[in-house]
Structures are given as structure tokens and as C-alpha cells.
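Throughout, read-outs are computed from the coordinates displayed, never taken from laboratory work. Owing to the predicted nature of the structure, the values given are computational and were not obtained by experimental measurement. Note: ideal-geometry Cβ built from the backbone for every residue, glycine included; neighbour counts use all protein chains shown.
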Amino acid sequence: MQMIHSVKEMNKTIRQMKSSGKTIGFVPTMGFLHEGHQSLISQAKEMCDIVVLSIFVNPTQFGPNEDYLTYPRDIKRDKMIAEEEGVDIIFNPDADEMYPLGESMLVKVNDRVDVLCGRSRPGHFDGVATILIKLFNIIMPDKVFFGLKDAQQVAVVDSIIKNFHYPIQLIPCETKREEDGLAKSSRNVRLSADERQEAALLNKGLQEGLLLINKGERSVSRIKKCVTLFLETHLRLGKIDYVEVLSYPELQSATSITERFIIACAVQYKEARLIDNIVADLDPDLKGEQKQYVAHIDEK
Ligand code: PAF
């Protein structure tokens, strides 16, 4: 496994790989790898010749009061995990390497961002889009792998690829969960034991919404109310940030759900803000039963 820190060396290596006809799968991360990342890597390995993993805690996607400085970092451990998973190249630049002219130019995302996490994190997706465009330009991947746990990020990546005409296939991957249903996340380590126990209820709340849909309910406000009521009744330590039901990947609100939709929530704990969602298709052929969405947004 190669560990590369400079853009110049990365360019050279990618050029060599491409000229020998290898397909490149890219898994962008901010490190502190967990099973969610491991499953992205294994999907990338199945579908591509070379797997590039980036590890970079991107300063421009953190707000002034967010956890950029304290975001968990452990490059030694990440390196071991990546090696075990069969990653070919880790790209691990520093901030000066990725932002040689500082923040003199950032991408502005106008669509799909004023809802869900984007609403309470202004500028967050501008930072995400900026770093991903830089990484896509450097790594020139054939396929990119993103976890559906951050379904809004997947929707924004879909929009980046379409807006900037990248010849890249987006592969959204199913959320990895702990046994009790809690979505795996680098931030889970910050939960106290009691918070950790309670956090499993986020997914249960979303499932309540899906259950209601499966019984035939289509009203967005009633589905939202059902999930909110479940969380309000059961959460003692976490504070609900939002519960939303929107179209997916457009992230538009409507009075009733149609076709593909997302039920999403965010809950603030003392040291960690947790998010979770279910993306599902309203398929008339399934006679009211929903199937959870794990397929591609855009087949190229
Ligand atoms: O999901 C993440 O870890 C980050 O937002 C990403 C995609 C690596 C961009 O910094």
C-alpha cells in the first residue's frame, strides 16, 4: 500500500495507473475509519482495479463553532485498517497542500442544501463540494463510494457530478449499523454510556415512520408527526434537531410522498450530533410494502 501526501506525487501515480488501463475506485474520508468505511472500501475493491482512500479532515466544511480541531484523528490506526482492507493508495495531504491559496476560492452549492443538516450548518456543503471537486480533479476516479448514512451528502455529490460533467459513477452504499440499529459513525465514540444506549432509538423512530407508510399513510405531515412523537416520547438525553420527510435525491418538500423519499432525523447529544435516515421507494408493485433503497442514483 502506498501512502501519498503530495498532489504532485498523486498526479504522477494516477497517470501511471490510468495509462495501464486500470479502473480507479475512490473512497473519500476524514479518517478515524470504522466499519462503515470498511464496507465502502470492500465495495470499491469488488468493482474497481485500484482503490484510493483519501484521509483529510477538511477545514472548510466545519463551521466556526464546530469540532474541526477535536474531530477524532488516528492516522496510524487508519493505516493499519486500510492495509488490512486491501486499499492500494492512501492520499493523506495536509491543509496547505489542499488549499495552497487558502480559502481564496470556494464552491457555492445552491440546491439540496437548505434542508436537513445543511440548514443548521450554513456553508458546510460549500466546503464538502470544494474539497470533493479538488479530490475528483486529482484522483480522476471512475467510481466514487459514499455511505447513505449521510444521504444529503450523497444528493450533493450527485449534483456535483451532473453540474460539473464528471465522468464518474456515484455508488451510494447502505448504512452500516450496530446490532441495536445505531448507524456507525466516527462521532459515536463521544457518546456517554447512557447516550449510546438511547441513540439506538433514532433508527427505531424512523422505522415507525416507515411502518406507517407501509400501512398506507402518504401524508408528509402525519409521517413526520409520528416520528417526532416517537422521539419526543422516548429520548431523555438527546435534543431533536430535525425530523424531515422529503423527496430524494432532490430533497424537496411536498404534502404527500411520491416515488423515492427520505425520512431523516438529527439529534444533538452533549458532545455529538447524530444523524440517521431511511431512503426508500414507494413502489406501487409492492402493494404498500417499501423496499429500502441501496441502488444507484445515476447509472452511467
Ligand atoms: O463524509 C466525509 O467524511 C466528508 O464529508 C468527505 C466526503 C470526506 C469530504 O470531506
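Quick check on region 1-120: what does the Kirkwood estimate of hydrodynamic radius come out to from the alpha carbon pairs, in Å? Write out the running numbers ahead of the final one.
Details: mean 1/r = 0.0626 Å⁻¹.
16.0 Å is the Kirkwood radius here.
What number, rounded to the nearest 500 deg cm²/dmol, is the helix-based mean residue ellipticity at 222 nm of the chain, given -39500 (n - 2.57) per DSSP H run of at least four residues and division by all its residues?
Counting only the DSSP helices, I get -11000 deg cm²/dmol.
Tell me which chymotrypsin sites (Phe, Trp or Tyr not before Pro) from region 50-146 have a DSSP coil assignment and no more than 12 other beta carbons within 10 Å of their own. Intermediate values should be presented prior to the final figure.
Working: sites: PHE56, PHE62, TYR68, PHE91, PHE125, PHE136, PHE145, PHE146; in loops: PHE56, PHE62, TYR68.
Passing both the DSSP loop test and the Cβ count: no residue.
I need the per residue convex hull volume for region 74-217, using only the alpha carbons, in cubic angstrom as a whole number.
So the per-residue Cα hull volume is 177 Å³.
Take MET105 and GLU178, extend 7 Å from each Cα along the Cα→Cβ direction, and tell me the distance between the two endpoints in nm.
Result: 4.3 nm between the two label points.
Only sites in a loop by DSSP and with at most 16 other Cβ atoms within 10 Å count here; which GluC sites (Glu not before Pro) in region 16-109 make the cut?
Passing sites in region 16-109 are GLU66, GLU103.
Please report the orientation-averaged projected area of region 113-165, defined via the convex hull of its C-alpha atoms, in nm².
Reported value for the Cα convex hull: 3.7 nm².
Using only alpha carbons, build the gyration tensor for the chain and give me the equivalent ellipsoid semi-axes, biggest first, whole Å.
Details: eigenvalues 212, 93, 68 Å².
After diagonalising the Cα gyration tensor, the semi-axes are 33, 22, 18 Å.
Compute, for region 1-139, the length of the dipole vector about the Cα centre, with Cβ point charges of +1 (Lys, Arg) and -1 (Asp, Glu) only. Units Debye, rounded to 20.
Details: 15 positive and 19 negative charges, 74 e Å.
Using only the charged Cβ atoms, the result is roughly 360 debye.
Specify which residue in the list LEU33, THR175, ALA280 is farthest towards the positive end of the charge dipole of the chain, using unit charges on the beta carbon of Lys, Arg (+1) and Asp, Glu (-1), about the Cα centre.
ALA280
Let me spell out the model: positive unit charges on the Cβ of Lys and Arg, negative unit charges on the Cβ of Asp and Glu, origin at the Cα centre of region 175-244. What dipole size does that give, in debye rounded to 20?
Approximately 220 debye in magnitude.
Restricting to DSSP loop positions (anything but H, G, I, E, B) with no more than 13 other Cβ atoms inside 10 Å of their own Cβ, which trypsin sites (Lys or Arg not before Pro) remain in region 76-152?
Answer by residue number: LYS108.
Run the dipole for the chain about the Cα centre, Lys and Arg Cβ at +1, Asp and Glu Cβ at -1, nothing else charged, and hand back the magnitude in debye, nearest 20. Could you put the intermediate results ahead of the total?
Details: 38 positive and 44 negative charges, 50 e Å.
Rounded to the nearest 20 debye, it is 240 debye.
With no solvent and one equal point scatterer per Cα, compute the Debye intensity ratio I(q)/I(0) for region 145-256 at 0.21 Å⁻¹ and report its log10, rounded to two decimals.
-1.24
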